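I have placed the structure first, in the form of structure tokens, so that the comments after it can refer back to it.
Nothing in this text is a laboratory measurement; each read-out follows from the coordinates by a stated rule. What you see is a predicted model, and the numbers here were worked out from it, not measured in a lab. All Cβ positions, glycine included, derive from the backbone under ideal geometry; neighbour counts span all protein chains shown.
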Amino acid sequence: MDINPTTIKDCYEIIPQVFKDERGYFFESFNHQKLEEAIQQKINFVQDNQSYSYKGVLRGLHFQKGAHAQAKLVRVLDGIVLDVVVDIRQDSTTYGKIHSTVLSQKNRKQLFIPKGCAHGFVTLSKTAIFFYKCDNYYHKDSEAGIIYNDRTLNIDWQLPESDLIISDKDKVLPLFKELNDTH
């Protein structure tokens with residue numbers, strides 16, 4: 001598997017080596033030792049999450065604050081999504097930078113998202129099954145986010161805004177510039 005740095009410090013794209021033959025295919029989707037060596041930090045995933053979304057569903061941009069911050073390893077089991085990460089670590093050399101990439105069942109790519117980054121995705125295919133590992137448990141009082149259409153971030157979600165399906169909760173998230181007050 002290839003583990004490549006992105007434009008965000010400590011954020012990596014992971015591309016598996018796929019072995020195909022007349023029976024189908026096989027690939028190693030997770031290797032704890034290889035991941036830790038590549039990211040040069042200890043990681044202990046404690047929770048797996050999965051979502052099913054229809055085309056246009058946008059989930060994000062989410063993160064957990066403080067002691068409940070989460071690093072994530074995300075991938076798509078079925079379908080296609082545009083995955084977006086925003087570095088919100090004020091002491092980071094890549095603070096405010098955005099990384100977006102297409103994750104799909106076809107490219108089998110994964111994304112390691114470090115603690116201190118906001119994360120979201122939009123479903124580009126008819127449906128998508130999105131799977132992710134977290135290194136900290138969900139804690140409701142620590143959840144936070146950034147509004148998906150923040151003009152400072154200017155994220156291209158690759159779909160017209162009129163086609164997006166967004167939860168009421170995500171429609172009222174604060175702006176990126178307001179993070180200092182809530183983060």
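Quick notes on this structure:
- Checking the Cα-Cα distances for 72/171; 34/115; 72/126; 106/169; 34/65 against a 21 Å cut-off, the pairs over it are 72/171; 72/126; 106/169; 34/65.
- Segment 49-183: relative contact order in percent, alpha carbon pairs under 8 Å with at least 6 residues between: 37
- Dipole moment magnitude, nearest 20 debye, the chain about Cα centre, only Lys, Arg, Asp, Glu C-beta charged: 160
- Highest-first arrangement of 150-162, 121-133, 21-33, where packing means the average Cβ count within 10 Å: 121-133, 150-162, 21-33
- Computed helical MRE - 222 nm, the chain, DSSP H runs ≥ 4 contributing -39500 (n - 2.57), nearest 500: -2000 deg cm²/dmol
- Most positive-pole-ward Cα, 146, 175, 79, against dipole of the chain from beta carbon charges: 79
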